[in-house]
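The values are calculated or read from the model by the stated rules, or taken from the named source; none is laboratory data. In this text, all values refer to a predicted model and were calculated from it rather than measured experimentally. Counting neighbours? That spans all protein chains shown, and the Cβs are built from the backbone with ideal geometry, glycine included. With ligands, DNA and RNA removed, areas are computed over all heavy atoms of the protein, side chains included. Shrake-Rupley method; radii C 1.70, N 1.55, O 1.52, S 1.80 Å.
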Amino acid sequence: MSAKSSFNPRDSALDVLLAVLGGGRSLDAALAEHVPSDADSRDAGFCRAIAYGVLRNHRRLAAIRDRLLHKSLRSRDQDMALLVEIGLQQLLAMETPAHAAVSETVAVARHRGKQWAARLINALLRRFQREREDCLALVDTAPAVRASVPDWLLARLQHDWPDDWHSLLEAQNTRAPMTLRVNRRRQSVAGYQQRLVEAGLPARTLDGFPDALVLEHPVAVGRLPGFDQGDCSVQDGAAQLAVALLSPGPGHRVLDACAAPGGKAAHALEHSDAALLALDDDEVRLERVAGTLGRLGLQAECRVADAAATDDWWDGRPFERILLDAPCSGTGVIRRHPDIKWLRRADDPPRLQAAQRRLLDSLWPLLAPGGRLVYCTCSILQAENEAVIAAFMQARPDAQAVPPALPVGRRVGYGQQILTGEAGVDGFYYACLEKR
Ligand SMILES: C[S@@+](CC[C@H](N)C(=O)[O-])C[C@H]1O[C@@H](n2cnc3c(N)ncnc32)[C@H](O)[C@@H]1O
């Protein structure tokens, strides 16, 4: 039987959720594994929408389920517990007709040989339809449940952003737009915008983001005109701000210390003929940099290395520009990767802070006098951003912070913080450090 006819979106969404919530896999990896490339595109889209939706609302859905159940399901029935969430997600937040949401979800339990669960899920989803308002009123009293975030993350957001945590929680659960970066080596933004319109894909420009176009509706990259030929890339506006801060010039030696999958390296090379060294300590991810540069017709030296172990890879010649797009919690991009909420742990921010500081300390001596290092993360946690830079500045009198001139975000100490959803872009932090 072909994947087209045998693919069941709810059943596969359950496999995806089990892989993420039970197996610790990333959502992207789980989708790649469980959604065959030849599945019907509408079914595949529906499967993705369920998986994203359940991960966005996981804690709230689980709370509703637990209210409606008389006794908890056994840990070996975690699949059925998640199947209930799949049913509730359709009833609560999707346009699926209620009768199909119930009967097709119940059919998955039957298909998996759990007749007892089919009966239970049928009764539970029908009860939710009857008692919906009362049930929601009860579970929505706690903000962490209502917005579906782990307690540790809510506590950090409340501490770091006492005036903004409400809107941040909302932004994290809102679907992100699909933003393109036009390859200005090949055409103007206006020219590419026109090609998009002709392809039936209207897009708008984004004030202050000179290379960006935001699509009205997300599409598969295969539908983007000239994508394979390198005419555009998919990249959020906030990530597109790095290149102006780095401002690489012709002949500059540029280090992209944490380069994979290569979005910012490619953008830098679209703007200048710098000699760029792209490092990443993850060999598989680094292969994606080569793929991206190849598609765009750009060149850089790519090397697998721990950037902080400079003795292993540095040739002793200083760099005029260093980009440190540091490994981070990804809390600024939760709207694109809702799995982050459940895969990250309370002790990640301090662990990541130590890794970020180690990278910064090790790379600083490689910067030429008068050169510039741009530090950035897609995190909205102060521990990974301002705290890292403030401690570094205290220890390095030869470092001078230049306020990043960005079209969005707010000054926080030495750097600039963009909170998720501001101007429609991802949460990001930038600091620019120059060597005296
Ligand atoms: C935020 S991502 C970089 C995104 C990339 N700059 C882009 O724009 O496409 C961080 C990267 O740092 C890499 N990384 C983590 N620790 C590293 C280290 N010690 N040395 C080099 N790369 C590292 C990770 O493998 C990951 O690919």
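Values for this structure:
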| quantity | calculated |
| --- | --- |
| Phe7 - accessible surface, heavy atoms, 1.4 Å probe, Å² rounded to 10 | 20 |
| Glu170/Ala220 FRET efficiency (R0 22 Å; Cβ-Cβ; nearest 0.05) | 0.20 |
| Cβ-placed point charges (K, R +1; D, E -1), dipole of the stretch 269-411 about Cα centre in debye, nearest 20 | 720 |
| Directionally averaged projected area (convex hull, Cα atoms, the chain), nm² | 22.2 |
| Nearby aspartates and glutamates by direct alpha-carbon distance to Lys435 (threshold 14 angstrom, same-chain neighbours under 8 apart not counted) | Glu320, Asp361, Asp398 |
| Around Ala383: net Lys/Arg minus Asp/Glu count, Cβ-Cβ under 9 Å | -2 |
| Of all accessible heavy-atom area on the chain, the percent that carbon and sulfur account for (1.4 Å) | 49 |
| Accessible area of Asp38 in the full protein assembly, 1.4 Å probe (Å², nearest 10) | 80 |
| Efficiency of FRET from Cβ geometry, Asp140 and Arg119, R₀ 25 Å, rounded to 0.05 | 0.35 |
| Principal-axis tilt of helix 283-296 within the chain, Cα atoms, nearest 10 degrees | 70 |
| Rounded to whole Å, sorted largest first: equivalent-ellipsoid semi-axes of the stretch 129-233, Cα gyration tensor | 40, 18, 11 |
| Residue-averaged [θ]222 nm for the chain, counting only DSSP H segments that reach four residues, each worth -39500 (n - 2.57) | -13500 deg cm²/dmol |
| Candidate residues Ser148, Ser247: accessible-area rank, largest first, probe 1.4 Å | Ser247, Ser148 |
| Within a Gaussian network of the chain (alpha carbon springs, distance under 10 Å), most fluctuating of Arg195, Arg336, Arg60 | Arg195 |
| Cβ-placed point charges (K, R +1; D, E -1), dipole of the stretch 3-142 about Cα centre in debye, nearest 20 | 520 |
| Probe 1.4 Å, accessible area per residue of the stretch 179-234, Å² | 50 |
| Charge dipole (the chain, unit charges on Cβ, about Cα centre) - positive-most of Leu324, Ala100, Leu82 | Ala100 |
| Unit charges on C-beta of K, R, D, E only; dipole of the stretch 179-234, Debye | 140 |
| Alpha-carbon centroids, the stretch 262-286 and the stretch 232-247: separation in whole Å | 12 |
| Prolate/oblate/rounded label for the stretch 85-157 (Cα gyration tensor, a/c 1.5) | prolate |
| Per residue accessible area in Å² of the stretch 253-344, where ligands, DNA and RNA are left out and the probe is 1.4 Å | 39 |
| Signed unit charges on C-beta, dipole axis of the stretch 238-435, positive-most listed residue Leu352, Val408, Ala395 | Val408 |
| Between the stretch 28-73 and the stretch 360-419, the alpha-carbon center distance in angstrom | 38 |
| Anchor Lys341: aspartates and glutamates whose Cα lies under 16 Å away (excluding residues fewer than 8 positions away in-chain) | Asp28, Asp151, Glu170, Asp426 |
| Volume per residue of the C-alpha convex hull in the stretch 288-436, rounded to whole Å³ | 140 |
| Segment Gln129-Ala346, extension gain: residue separation times 0.36 nm, minus the distance between their alpha carbons | 74.6 nm |
| Net charge of Cβ neighbours under 12 Å - reference Pro397; Lys, Arg +1; Asp, Glu -1 | +2 |
| Theoretical gain in end-to-end length, Asp38 to Arg185 [0.36 nm per residue, Cα-Cα removed] | 49.5 nm |
